[in-house]
Amino acid sequence: MIRIRNQMEAEMRPIREFLAGIPDLDGMIYVWWLHSLPSPLAAFSVSRLLIATTHTPLLLFLTLPVALSFSSFSFLPVMQDLLRPLAALCLSAVLTGVTNAQTVLPAPGQPTRKGTINSFELIGNSLVSAQQLFVGTKDRVYFVDKVENNPTRIAGHPAWASEWNLEDDSQRPMDAITNTFCAGGNVLGNGTWVNVGGNQAVTYGGDAAASQTGGGPYDDPDGRKSIRLLNPSDDGKCDWVLSPDESDQRWYPTLETLEDGSMIILGGCRWGGYVNDANQDNPTYEFFPPKGGPVTSTILSNTLPANLFPLTWLLPSGKILLQSNWATALLDYHTTEETPLDNMPDAVRVYPASAGTAMLPLTAANNWTATILFCGGSNIQPKRWKSPSFIVPTYGASTSCVTLTPDVSGSYTQDDPLPEPRTMVNLIFLPTGKILAVNGARMGTAGYGNDSWAIGQSYADDPVLTPAIYDPNAPSGQRWSQDGLQPSTVPRMYHSSAILLPDGSVMISGSNPNSDYNVGPNIKYPTEYRTELWYPSYYNERRPQPQGLISQLSYGGPLFDIQLDSDDLFGNVSNVENTRVVIIRMGFSTHAMSMGQRYLELEHSYSGYANNTATLHVRQLPPNPAILAPGPAFIFVVVNGVPSVGVQVMIGSGKLGKQPILSVADLPSSSMEQGAGGSEALRGGALGTYARGSSAWHWTVCTCMALLGGMIVGW
Ligand SMILES: [Cu+2]
């Protein structure tokens, strides 16, 4: 039986490639081989095969023999003989496909670039300044700016949005329709990106325009109530559309995706300024798609003037952590109840103090418990913000880092301080689970204005050009490192951003502490278009090319298997013991925040083989959508600290609404075949790895569907 199974599996590989669109004589041989088998066995074989190649067009193609076998086309007995078994096979394959929506994805390849590790590289100038930045697909990054006199134009006015194609670094302007100045953003559970709020229509110098409905030099209608939607695509055609639903007026709102894939929109003000004030405060939250009007939040109401862009995270408990000015609370948005937690120590972390923040990796080891890291910012008491004696760019930023585990305790814990004081610092997850701290300044805060003491218009000075890396698993006192890290040449001040790319580099762009487009040799902090990539230490390594990644992950549900060949394991199967399967949502980068950024490790066990290949048996997401809300994310397989190129996957149903929760599958215990352990002489081919790829669940489904297919065609 084992021998037959191995033979079948070995035969599947060429037909899989054949079906995937690679014409190949082996495929024809396979069909004849199938025909020679007893039908149930053949059907079983194809069903198993189809799990790896389930695409809708393919399903149509496969149903053809079914139709033909019952049609007058089968006039020759030989055709009947050939088509009947094929029909049984195909029908069962289709049924298998229908019951198993998780398309197996092609293995990711290698990055298309080479970089100098631990260094920045200028890769080009963006069309608009990257006030807001996010990854839409593996190859497309989206830029959103405020309305200003950018030289790039679209539809007869300056552009304030654009798309960057990572395949060839080409770009195109996009039309964001209304003024996106300091909007918030995040992604819905169905993959649509949402960009909410902004500012009034403006004219030259960022001053309010005479018309709030368009026209004038910038043709930018008032964006304060706008809900803009984008469905990213690789065809160069997608663009922003306005939702017919409007939010309340919000400048500086935060967006957080909820367990059902909908959005909560929190806070902001009505017309702008360095900090908020009672006349224009909007201390409320609402939902998109809409669920009634805005609800007043106690903590947002009590934290003027530094309550803009409140820091929020959906927690595994289903509550939302809300951090604003010096206060902290848990919000149960289902009941509107808010529970105060301890005040923030050391520094204000929200805008304009603008600390770096990140939820640390969620893992089985920490039982999916969320701990939030806050680093930097500035120690500014409420009365100081508007004091005439506050000379902002001369005021030093903080080095303080603290953590909070809000589902467990309302008290903050001191963590290793930053190597340098820093405001406007982005904390960006690398696939290794380490965190890059990049951008920002030692002095001052976010914001700009025409004050005599401003640096140009900038409220910050003394840029920090050298990044730092935080290792959450390092012992206390050793978590931050700047070893070997080269500085950038570009100050990244207010309105800069950073985002992890699927190839594991980090894109860094923007910086614009100016009321309007402002460049020139005498401008210390100009409107910045220069765009950099930062290359981590693993960047030039040969990347793992895992096979068997699936396109959609459920909350609970069956295991899936990932194959790693000898090259993926660096020629030594014992490296499988140091492997992570990681889901990263990069989030929406703006104002030193990454709205929605999350890092989660999937549980797995492994089977290591003597030919230096291995299979990872991987659990789906834990059965709780509040741990990672539904929507698109990237999966990386990290071997010995070297990540694969990230592959885009859908978390959850791909639809808004209550997410299906499935039972959690049992993980087999890890095993290592006798004699395995890294002998080069035992290097195995890819065939060996493929033949190992199976889980009990897949085999069971195939068997059932094969029987059903056979019964339906009466064979
Ligand atoms: Cu801003």
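Details
- Per-residue ³J(HN,Hα) for region 497-502, Karplus 6.51 cos²θ - 1.76 cosθ + 1.60, θ = phi - 60°, Hz, x for Gly and Pro: 7, 7, 8, 5, 9, x
- Cα-Cα over 22 Å, subset of K291/K655; K146/K434; K138/K237; K114/K138; K146/K225: K146/K434
- For region 140-210, the spherically averaged projection of the C-alpha convex hull amounts to 5.6 nm².
- Dimensions of region 537-586 along the principal axes, based on C-alpha atoms and rounded to the nearest Å, stand at 33, 26, 17, largest first.
- Set of aspartates and glutamates near K386 by C-alpha distance (under 13 Å), chain-local residues within fewer than 8 positions excluded: D277, D451
- 5 angstrom amide H check on D416, placed H, neighbours 5+ away: G477
- Set of region 513-546 residues, backbone N closer than 11 Å to the point 7 Å along the Cα-Cβ line of L465: none
- Kirkwood Rh (inverse of mean 1/r, distinct Cα pairs), region 217-301, angstrom: 14.4 Å
- Note that region 339-491 shows a convex hull volume over its alpha carbon atoms of 117 Å³ per residue.
- Calculated over region 333-404, the projected area of the Cα convex hull averaged across directions stands at 6.8 nm².
- Rg and Dmax of region 456-597, Cα atoms only, in Å: 19.9, 61
- Amide H to amide H distances under 5 Å link L341 with T328, A329, L330, where only residues 5 or more positions off or on other chains count and H is placed in the peptide plane.
- Over region 416-523, all Cα pairs binned in 10 Å intervals from 0 give whole-percent P(r) values of 14, 42, 29, 12, 2, listed from short to long.
- On the principal axes of its alpha-carbon atoms, region 567-685 has extents of 51, 36, 19 Å, going from largest to smallest.
- Within-10-Å neighbourhood charge of F570 [Cβ basis; K, R +1; D, E -1]: -2
- With the convex hull drawn around the C-alpha atoms of region 305-349, the volume per residue stands at 79 Å³.
- Whole-Hz ³J(HN,Hα) from phi, Karplus 6.51 cos²θ - 1.76 cosθ + 1.60, for region 468-478, glycine and proline x: 9, 10, 9, 10, x, 8, 6, x, 3, x, 10
- Radius, Kirkwood style, for region 471-531 when every pair of distinct Cα atoms is counted (Å): 14.1 Å
- A simple rule links phi to the HN-Hα coupling: the Karplus curve 6.51 cos²θ - 1.76 cosθ + 1.60 with θ = phi - 60°, which for region 659-669 gives 8, x, 10, 9, 6, 7, 6, 6, 8, x, 6 Hz, with x for Gly and Pro.
- Projecting the alpha carbon convex hull of region 280-361 along each direction and taking the average yields 6.2 nm².
- Taking amide hydrogens as placed 1.01 Å from N in the peptide plane, the amide H of G223 sits under 5 Å from those of N179, N199, Q200, A201, each at least 5 positions away in sequence or on another chain.
- The slack between S243 and Q414, meaning 0.36 nm per residue of separation minus the straight C-alpha distance, is 57.2 nm.
- Both the radius of gyration and Dmax for region 102-169 are 15.4, 46 Å, in that order, over alpha-carbon atoms.
- Inter-part distance where region 185-254 and region 270-317 are each reduced to a Cα centre, Å: 18 Å
- Prolate/oblate/rounded call for region 163-266, Cα gyration tensor, a/c under 1.5 rounded: oblate
- Residue exposure proxy: T527, T369, T116, ordered by other Cβ atoms within 10 angstrom of their Cβ from fewest to most, comes out as T116, T369, T527.
None of the figures in this text is laboratory data; all of them are computed from the coordinates on show. Please read all numbers here as calculations on a predicted model, not as lab measurements. For neighbour counting, all protein chains shown are included, and Cβ atoms are generated from backbone atoms with ideal geometry for every residue, glycine included.
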